[in-house]
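Here the structure comes first, spelled out in structure tokens, and everything after it is commentary.
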Amino acid sequence: MPDSGQAKTRAAEAQPHIVGQSIRHDSAEKHVSGLAQYIDDIPEPSGTLQIYLAQSSRAHARLLKLDVSAVRSAQGVACVLTAADVPGKNDYSPIMGDDPIFAEDKVEYVGQCLFAVAAETLAQARAASALAVVEYEDLPAVLTIDAAREADLTLEPSQVMRLGDAQGEIAKAPRRLWGHVAIGGQDHFYLEGHIAMAAPKEDGDVHVWSSTQNPSEVQHIVAKALGIRDHGVVVENRRMGGGFGGKETQPSLMAAVAALAAVKTGRPAKLRLDRDDDMVMTGKRHDFEVDWSVGFDDQGRLKGATFDLASRCGYSYDLSGSINDRAMFHSDNAYFLNAAEIVSHRFKTHTVSNTAFRGFGGPQGMIAIERAMDAIALSLGADPLDVRLANLYGPGRDLTPYGQVVEDSIAKELMERLAETSDYRKRRAAILEWNRTSPVLKRGIALTPVKFGISFTATHLNQAGALVHVYTDGSVMLNHGGTEMGQGLYIKVAQVVAEVFGIELERVRITATATDKVPNTSATAASSGSDLNGMAALDAAQRIRQRLIDFACQEFGCGPEQVSFANNTVQAGATELPFQELVRRAYFNRVGLSATGYYKTPKIHYDRSKHQGRPFFYYAYGAAVSEVAIDTLTGENRTLRVDILHDVGRSLNPAIDLGQIEGGFIQGMGWLTTEELVYDDQGRLRTHAPSTYKIPACSDRPKDFRIDLWDGPNREETIYRSKAVGEPPLMLAISVFSALTQAVASVGDHRIMPDLDAPATPERILKAVDDVRRRSAQ
Amino acid sequence: MRETIRFLLDGEPRELGGVDPTLTVLQLLRGPLRRPGTKEGCAEGDCGACTVALGEFDAKGKVQWRAVNACILFAPMLDGRALMTVESLKQGDALHPVQQAMVQTHGSQCGFCTPGFVMSLWVRDQKGAGCDMPVEDVLAGNLCRCTGYGPIAEAAAVADGLPKPKTVDQASALKALDVAESLGLAWDDPQAGRTRRWFSPRSLAELADLAEQYPQAVILAGATDVGLWVTKQHRALDTVIWIGDVAELKTMAETEAGLRIGAGVRYSDAYAALAERLPDLGEMMRRLGSVQVRNSGTIGGNIANGSPIGDMPPALIAAGATLTLRLGGKTRDLPLEDYFLAYGKQDRAPGEFVEAVTVHPAGPDRFYRVYKLSKRFDQDISAVCAGIALDIKDGQIEAARIAFGGMAATPKRASNAEQALAGQAFDEATVDLACKALETDFAPIDDMRASAAYRMASAKNLLRRAYLEWRGEASTRVLEVEALDA
Ligand SMILES: Cc1cc2nc3c(=O)[nH]c(=O)nc-3n(C[C@H](O)[C@H](O)[C@H](O)COP(=O)(O)OP(=O)(O)OC[C@H]3O[C@@H](n4cnc5c(N)ncnc54)[C@H](O)[C@@H]3O)c2cc1C
Ligand code: FES
Ligand code: FES
């Protein structure tokens, strides 16, 4: 019989006390004192070369001539790299083999990399690059979705997802509506731009520091470019200054060039894009054009819905397949469509290849159905919240268009609670009243849900590895395949490991992600960082813990159930000893104190050819209420108050999670309001710096901003029953877009659905206001 | 002339010679000085990741700190100043309260913007220039892509409540730098094979001489435009004459003709006086650039620059202003609007420079408005900026001065609209006519900030807004509304 002391210890252990705490970011003190090292801060080895990338000035052209002889002989130049200088494969694409590191016989977007110059200084490299003789023969450039549709230029066949007979159901439905919405792209605007530094090693090997969310992929691509094996390349990253998906596939270009230069010259080489080059050369969120139609009954319940999703993928495939798949997956957002037909076109254009961005197509997918909800409500004269509630997934209404049954929907309870805590109904009434007496300024309010599927939809990516060492002084070194870009992954996983050993967090040292520590990792993406790496680290730590338990049983003659770890102390039967003492003794008894851990997500499967299966392990939910005001003379607008209730399961670290929610929301708000990518008719990006591309500033944050965490555990067995949090909150910002729509609709007495495209800049809002006024006067 | 730059770093004197005078302070810090804590996010003054603090003597002889963007500050502009960076703040192992507060509120995620925020908050903590504003304004020049700003704004409040550490007054060290002799640098650019020159004259006479001697020199004030020529356009500047140490140009004076603002007066120093006289101008200036930009940038530079999208010209043309130019020993005055001749062309002779701008006083019947339209409220270049000044007596418009930025190739008066208004009753019909007249005044263009159609439509609506505000019947300021209580 265990005595009561032990029982207490175990009870305490059952209640995790490091996991679940609001522990500060592991690098917080270094961040605030300027001591956190980013790649550009690492002291450069002497003789480090600086690299400049020369870019195509044409959107689509044959490359008739690329003469770099004058560049080669320019002052300070150590080497010039063109396609001909790549010993291995001239490609940095993640999947398709269609992203040349250096252009060969054609260029396909303005900004495409032509060649690289490595020189003693960046100024020399840049100046030298201008000496190249480049001759183009222009070819017709397809720049927009419309133009690509016209030219029938696609990257892969259009995909279709079906549930029942949508066309038939819509035709039969008592009411029908349709609409079109254009949704702009978004630049990631991570504060740290793309960068890589490479140092040559013996045997033609290379060490690469890369600001990447995907070290393993960078490793593979660098090795392929050099024509060497993966084991000759180590890719390392301690932290990024933001990623948001922009550093999932794009870093390979910088890393490959830096590695090529380093190996060729035998000198370290660094390639850092300045802000303009970064914005021009690297991919962004896909912009979309969506046509939707719905059939519904007098209560606003959907009978069927069709979506025609068209996206601008840019000149190459990148991850566009999965991104557009995810747009399809989220066309339903949180709603049961009854019958659905979702068609998705992946258009090729002569613009930069668009890439992953927080939400990965999901946000674009959700916009149309939320537009439909607003339109239905306006047509019925109903509160849009009621229409939304009436359409949620629920018992018996739980089948998604891709065949997954929604088992875990908490959207209804969550939205109802939020409606109550935010006083949504009363405020809506007050706003309608206020608008009657305010001719110039108009307000709007909207409550929208988010249901976001968690897992990589490419099933094989849902695996992770970790490495844990326990040293004889009781300190622990932790390494895993996940990368740190500010989201707090390192601290969360460290919390898990500290929890397993019952030791304080200070004893766990988190080390830079590196391909020679944990191999074959997936990108830190799809919000999966802590789900996957937390589990892998848990596995590794538990293996060592089990060995320690076995040893303790032997040593102290107790049963395994009598061994527990807490407060830096191990209780083994009647013996209590410091953790490090147990470790020391285990070492002398030749117990292995290092382990790798591994995890793969259970239950998921997906047949992409039919678009059927269970792509997601679970869903994360959330909802937001936004109140906005617009100026109907200028279109200027403001988000005044936001209330969020978000589901992170049982939070591993509430402070970190709240940070993700708030930051994600503001980023989504920027996407839908002020952030506008403008290309000219030559395919040149006109908004390639913060002077013209406007992400939210401090004062854009709503003055009144309330965020709460939903308090239920994940019903699936995830790491301590938590849920992923990286991406879902971004889509809470759709409530801002809906609220703006409502505000615009007020000028037509809420009878006309405004045509409003995203981003809702002052210009677009004014246009929508004038349009509603004109239509309501008719 | 003195050939080395003298400044304080962490309160300690430093001397710097033999550097490219257009090396930025950010490059200097991250390179030769090996202080990589200060980050580059944009190299154009827009993100604040490079924010550092510059200390200089204020009018009362005390050290006043200002947050500035190191990425567009040239190294010689450190001369005679005290520099503090994010690495300067810890005392031993103890974080400064603003650092401590940032940690406590979870104010950093990826941490890349953090050094800049910390410096903005530190200067605020020192009651530095331009910081007497709500915290959102103080932080408008610092972009963060991760946090959503809440925790950072909260850190400001938390820091306010923390005990202050002892700070060392840098006044005597600053005085001891001894920079009375003017700075003059010559640096051989190995790349271009040319000599680059820099002058920091310390008197108006010296400046006038140098400007005549080097008529092709770039006259530099705050470098919030010129800095970008170097960091973004990669232009090599051969000769630079900086006016930042010319005492006579840094004064403001009440004269008979109005408020005379020297060409070296920075926005943040002129703000209070202008905002008091013309509250709407103050509101526009609150949104112009950011604390960092207003701490470096000058009104004179905004005018001299001649940009069609500068905000001060339309505001000041409407208010009525005279520009004073100097060539050698001679000055001449001209109405501000006459300075702008055509796109990229101003009425300024080689060797001539802007000495001051005088803002005329307004009579009691003056109705004055400035409206700045942009995609984002803070720190965004205007799509359209309107300055509207109407003298209205008994409902009759006696005189109208209206000027727009963003509507033409220069800042320009809307003379036809002015005519439609002058002498008329201020009513809807008159406003409609004035709106119509704008179509003959302007043919705006499409660009990434707005379409021609939006520019025209919103310009008209700004006249309507002015009318509604004069009537005082409807609320028209979206920035002033707050969420409704249920
Ligand atoms: C992030 C950022 C945001 C900005 N936001 C705004 C904004 O919202 N609105 C706006 O209007 N502007 C904005 N600007 C532009 C800029 O701040 C202004 O134009 C500024 O007033 C220029 O002043 P300066 O002292 O920095 O001039 P400088 O950069 O030093 O000089 C600008 C030009 O004026 C000339 N010049 C300067 N002084 C004189 C003189 N005394 N005699 C003759 N020529 C002279 C220079 O040769 C140069 O051609 C912004 C700039 C930045 C970097
Ligand atoms: S680096 Fe962005 S403001 Fe200086
Ligand atoms: S913490 Fe990442 S940009 Fe601010």
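The values are calculated or read from the model by the stated rules, or taken from the named source; none is laboratory data. Values in this document were obtained by computation on a predicted structure and should not be read as measured data. Cβ sites come from the backbone with ideal geometry, for glycine too, and all protein chains shown count toward neighbours. SASA here: full protein model, heavy atoms, side chains in, ligands and nucleic acids out. Shrake-Rupley method; radii C 1.70, N 1.55, O 1.52, S 1.80 Å.
When you check residue B:285 against the structure, is it away from chain A (no Cβ under 14 Å), within 22 Å of residue B:366 (Cβ to Cβ), in contact with a Lys or Arg (Cβ under 8 Å, 6 or more places away or on another chain) and within 11 Å of ligand 1 (Cβ to nearest atom), yes or no?
Working: away from chain A (no Cβ under 14 Å): yes; within 22 Å of residue B:366 (Cβ to Cβ): yes; in contact with a Lys or Arg (Cβ under 8 Å, 6 or more places away or on another chain): yes; within 11 Å of ligand 1 (Cβ to nearest atom): yes.
Against the criterion (away from chain A (no Cβ under 14 Å), within 22 Å of residue B:366 (Cβ to Cβ), in contact with a Lys or Arg (Cβ under 8 Å, 6 or more places away or on another chain) and within 11 Å of ligand 1 (Cβ to nearest atom)), residue B:285 qualifies.
With A:269, A:340, A:255 as the choices, which residue is surrounded by 24 or more Cβ atoms within 10 Å (Cβ to Cβ) and farther than 28 Å from residue A:664 by Cβ?
A:269
Residue by residue through segment B:445-486, note down the ones that are among the hydroxyl-bearing types (Ser, Thr, Tyr) and either facing chain A (nearest Cβ under 7 Å) or surrounded by fewer than 20 Cβ atoms within 10 Å (Cβ to Cβ) (or both). Explain how you work it out, then say what you get.
Within segment B:445-486, the subset among the hydroxyl-bearing types (Ser, Thr, Tyr) is B:451, B:454, B:458, B:467, B:475-476.
Correct list: B:451, B:454, B:458, B:475, B:476.
Find all pairs meeting these conditions: Cβ atoms under 6 angstrom apart; at least six residues apart or on different chains; first residue within segment B:432-451 and of a type in the set (S, T, N, Q); second residue surrounded by fewer than 21 Cβ atoms within 10 Å (Cβ to Cβ).
Filtered contacts from segment B:432-451: B:440/B:416.
Could we say that residue B:376 is of a type outside the set (Val, Ile, Thr), open to solvent by 10 Å² or more (accessible area, probe 1.4 Å) and farther than 16 Å from residue B:414 by Cα here?
no
Which one is farthest from the chain's Cα centre (by Cα), of the residues in segment B:125-158 that are outside any helix (DSSP H, G or I), among the aliphatic types (A, V, I, L, M) and facing chain A (nearest Cβ under 8 Å)?
B:143
Please indicate, with yes or no, whether at least one residue in segment A:652-659 is open to solvent by 10 Å² or more (accessible area, probe 1.4 Å), at the interface with another protein chain (Cβ under 8 Å from one of its Cβ atoms) and closer than 25 Å to residue B:478 by Cβ.
no
Quickly run through segment B:422-444 and pick out the residues that are open to solvent by 80 Å² or more (accessible area, probe 1.4 Å) and farther than 30 Å from residue B:393 by Cα.
B:443
Quickly run through segment A:428-487 and pick out the residues that are closer than 30 Å to residue A:28 by Cβ, β-branched (Val, Ile, Thr) and surrounded by fewer than 21 Cβ atoms within 10 Å (Cβ to Cβ).
A:472 - this is the single residue of segment A:428-487 that is closer than 30 Å to residue A:28 by Cβ, β-branched (Val, Ile, Thr) and surrounded by fewer than 21 Cβ atoms within 10 Å (Cβ to Cβ).
Okay, residues lined up against (1) surrounded by fewer than 18 Cβ atoms within 10 Å (Cβ to Cβ); (2) assigned to a strand (DSSP E or B); (3) of a type in the set (Val, Ile, Thr):
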site: A:535; (1), (2), (3): no, no, no
site: A:541; (1), (2), (3): no, no, no
site: A:545; (1), (2), (3): no, no, no
site: A:549; (1), (2), (3): no, no, yes
site: A:564; (1), (2), (3): no, yes, no
site: A:610; (1), (2), (3): yes, no, no
site: A:613; (1), (2), (3): yes, yes, no
site: A:621; (1), (2), (3): no, yes, no
site: A:628; (1), (2), (3): no, yes, yes
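Could you tell me whether any residue of segment B:128-146 is in contact (Cβ under 8 Å) with a residue 12 or more places away in the chain, within 16 Å of ligand 3 (Cβ to nearest atom) and small (Gly, Ala, Ser)?
Checked against the condition, which is being in contact (Cβ under 8 Å) with a residue 12 or more places away in the chain, within 16 Å of ligand 3 (Cβ to nearest atom) and small (Gly, Ala, Ser), segment B:128-146 yields at least one hit.
Determine whether residue A:668 is more than 8 Å from every other protein chain (Cβ to nearest Cβ) and open to solvent by less than 10 Å² (accessible area, probe 1.4 Å).
Judged against the criteria, residue A:668 is a match.
Mind listing whichever residues of segment B:93-119 are more than 10 Å from chain A (Cβ to nearest Cβ) and in a helix (DSSP H, G or I)?
The one that is more than 10 Å from chain A (Cβ to nearest Cβ) and in a helix (DSSP H, G or I): B:97.
Only residues that are assigned to a helix (DSSP H, G or I), open to solvent by 30 Å² or more (accessible area, probe 1.4 Å) and either touching a helix residue (DSSP H, G or I) at 6+ places or on another chain (Cβ under 9 Å) or within 28 Å of residue A:375 (Cβ to Cβ) (or both): list them for segment A:705-733, please.
Matches in segment A:705-733: A:720 only.
Check segment A:135-154 and report whether any residue there is closer than 27 Å to residue A:337 by Cβ, among the basic types (Lys, Arg), surrounded by fewer than 16 Cβ atoms within 10 Å (Cβ to Cβ) and under 31 Å from the mean Cα position of the chain (by Cα).
yes
I'd like to check something: does segment A:734-755 contain any residue that is within 8 Å of another protein chain (Cβ to nearest Cβ) and open to solvent by 30 Å² or more (accessible area, probe 1.4 Å)?
Looking through segment A:734-755, none of the residues is within 8 Å of another protein chain (Cβ to nearest Cβ) and open to solvent by 30 Å² or more (accessible area, probe 1.4 Å).
Filter segment A:407-435 down to residues that are of a type in the set (Asp, Glu) and assigned to a helix (DSSP H, G or I) and give me whichever is nearest to the other protein chains (Cβ to nearest Cβ).
Step one: filter segment A:407-435 for residues of a type in the set (Asp, Glu), giving A:407-408, A:413, A:416, A:420, A:423, A:433.
Keeping just the survivors that are assigned to a helix (DSSP H, G or I) gives A:413, A:416, A:420, A:433.
Values: A:413: 21, A:416: 16, A:420: 11, A:433: 9 Å.
So the residue we want is A:433.
Please give the number of the condition residue B:119 fails out of (1) more than 16 Å from ligand 3 (Cβ to nearest atom); (2) in contact (Cβ under 8 Å) with a residue 40 or more places away in the chain.
(1)
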